[in-house]
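A quick write-up on the structure given underneath.
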Amino acid sequence: MEERPRYSVRVAGRTVQLPLVAWLTLIWLLMGDRFSVANVLSGIAAALVLVVVFPFPPLDPGLRFHPAGFARFAGRFAYDMARAAGPLALQAFDTGLQRRANSVVAVTLRTHSDFILTATSIALSALPGALVVDVRRQTGTLFLHALGAADDAGVESVRRLVLDQEARVVRAFGTREDRALIEGGTNP
Amino acid sequence: MSLAAQLPIAAFLLVGASASIGAGLGLLRLPDLLTRMHAATKPQSVGLLLVLVAVGIRFPTGEVITTLVLIALLQLTTVPVAAHLVGRAAYRTGQVRSEDLYVDELAEALDAAAD
């Protein structure tokens, strides 16, 4: 009983995480055509059936929402996506054809939260020329394929891009401990 | 619909479709798996998002917008996961030639783990 994650109840002998139920209900409502009480109730029922039939490991509760940080994060995300769209194809033709023009770079994040690791790797997919190819969860390390990182300066700039993106994610969603790790020192 | 109202819709559709064509061309033209993955993920996502924006402008009702938001959310969150799995599989089956890369810290990490 003590081991239960926060905001959870027991239903039919299973631990049900209420944030997960709320999230699944929201997705149900987005899929449905209109908002109604019946829709909400059937969404909650469907979510409960899902989490009881397919038990989910306890989620890391390390998630807070900071509206100002989120606005900055979302704005930058949209800007990066727009930048990645057009010129990327052309840029890729240039750098992809010459040998040893790209690198796979390992970057270890400063925070140790599963959520920040996941959100950062998703957010990185918006950056032009960077792609997460592997993740090591135990150490919080992301491995990125970087287009055009053909010298040490290029590799370093990729590292800085990743850590900056992590800082933006933490300022949007991080707990106090995460923020302390980001603000405490710029180097891990 | 007036012409002025249709213009932005047409613009979003055209730019979105061109981004998707760019993704397809990239897949054909790029030399190796990892660079092709860039083309398969980024311009493709942007293309889809722009087409979704066009649909949202054309049918600005709540039920359409919520479905579009759901599509965008699922696209943005599943593409990196798929890319990660393709990258993992490529590395572990020897499809990535480290000597073509300037540095390859993943190959180094995998070697260290194997020792």
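Kindly indicate whether any position in segment B:49-56 is in contact with an Asp or Glu (Cβ under 8 Å, 6 or more places away or on another chain), part of a helix (DSSP H, G or I) and open to solvent by less than 70 Å² (accessible area, probe 1.4 Å). Steps first, answer last, please.
Of all residues in segment B:49-56, those in contact with an Asp or Glu (Cβ under 8 Å, 6 or more places away or on another chain) come to none.
Looking for residues that are in contact with an Asp or Glu (Cβ under 8 Å, 6 or more places away or on another chain), part of a helix (DSSP H, G or I) and open to solvent by less than 70 Å² (accessible area, probe 1.4 Å), one finds none in segment B:49-56, hence no.
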Output for Cβ contacts, cut-off 9 Å, separation at least six or different chains, first residue within 14 Å of chain B (Cβ to nearest Cβ) and surrounded by 11 or more Cβ atoms within 10 Å (Cβ to Cβ) in segment A:30-41, second in a loop (DSSP other than H, G, I, E, B) and not hydrophobic (A, V, I, L, M, F, W, C), reads A:Asn39/A:Gly32; A:Asn39/A:Asp33
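Is there a residue in segment A:133-140 that is in contact with a Ser or Thr (Cβ under 8 Å, 6 or more places away or on another chain), open to solvent by less than 30 Å² (accessible area, probe 1.4 Å) and touching a residue at least 24 places away in the same chain (Cβ under 8 Å)?
The answer is yes; a qualifying residue exists.
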Taking segment B:29-58 and keeping only residues that are in contact (Cβ under 8 Å) with a residue 40 or more places away in the chain and under 11 Å from B:Ala19 (Cβ atoms), one is left with none
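Filter segment B:1-15 down to the residues that are closer than 22 Å to B:Leu52 by Cβ, more than 9 Å from chain A (Cβ to nearest Cβ) and in a helix (DSSP H, G or I) and list them by number. Spell out the reasoning first.
Filtering segment B:1-15 down to residues closer than 22 Å to B:Leu52 by Cβ leaves B:1, B:4-15.
Narrowing further to those that are more than 9 Å from chain A (Cβ to nearest Cβ): B:1, B:4-14.
Residues satisfying the conditions are B:Ala4, B:Ala5, B:Gln6, B:Leu7, B:Pro8, B:Ile9, B:Ala10, B:Ala11, B:Phe12, B:Leu13, B:Leu14.
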Subset of segment B:24-48, residues open to solvent by 30 Å² or more (accessible area, probe 1.4 Å), of a type in the set (A, V, I, L, M, F, W, C) and farther than 16 Å from A:His145 by Cβ, comes to B:Leu25, B:Leu28, B:Leu48
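Mind listing just one residue for me: the one in segment B:73-115 that is assigned to a helix (DSSP H, G or I) and of a type in the set (Asp, Glu) and, of those, surrounded by the fewest Cβ atoms within 10 Å (Cβ to Cβ)? Explain how you work it out, then say what you get.
Taking segment B:73-115 first, the residues assigned to a helix (DSSP H, G or I) are B:73-92, B:98-100, B:105-114.
Now narrow it down to the ones that are of a type in the set (Asp, Glu): B:99-100, B:105, B:108, B:111.
Numbers: B:Glu99: 8, B:Asp100: 16, B:Glu105: 17, B:Glu108: 13, B:Asp111: 11.
Restricting to residues being assigned to a helix (DSSP H, G or I) and of a type in the set (Asp, Glu), the top hit is B:Glu99.
B:Leu70 - would you say it is surrounded by fewer than 20 Cβ atoms within 10 Å (Cβ to Cβ), at pLDDT 85 or above and facing chain A (nearest Cβ under 7 Å)? I'd like the intermediate steps shown before the answer.
Working: surrounded by fewer than 20 Cβ atoms within 10 Å (Cβ to Cβ): yes; at pLDDT 85 or above: yes; facing chain A (nearest Cβ under 7 Å): yes.
When the stated conditions are applied, B:Leu70 passes them.
Have a look at B:Arg58, B:Arg88 and point out the one that is farther than 24 Å from A:Arg83 by Cβ and touching a strand residue (DSSP E or B) at 6+ places or on another chain (Cβ under 8 Å). Even if it seems obvious, please write down each step before you answer.
Working: B:Arg58 fails: touching a strand residue (DSSP E or B) at 6+ places or on another chain (Cβ under 8 Å).
Testing whether each residue is farther than 24 Å from A:Arg83 by Cβ and touching a strand residue (DSSP E or B) at 6+ places or on another chain (Cβ under 8 Å) leaves just B:Arg88.
The values are calculated or read from the model by the stated rules, or taken from the named source; none is laboratory data. Fair warning: this is a prediction, and the values are worked out from it, not measured in the lab. Methodologically, a virtual Cβ is constructed for each residue, glycine included, from the backbone with ideal geometry; neighbour enumeration extends over all protein chains shown. Accessible surface areas use protein heavy atoms only, side chains included; no ligands, DNA or RNA. Shrake-Rupley method; radii C 1.70, N 1.55, O 1.52, S 1.80 Å.
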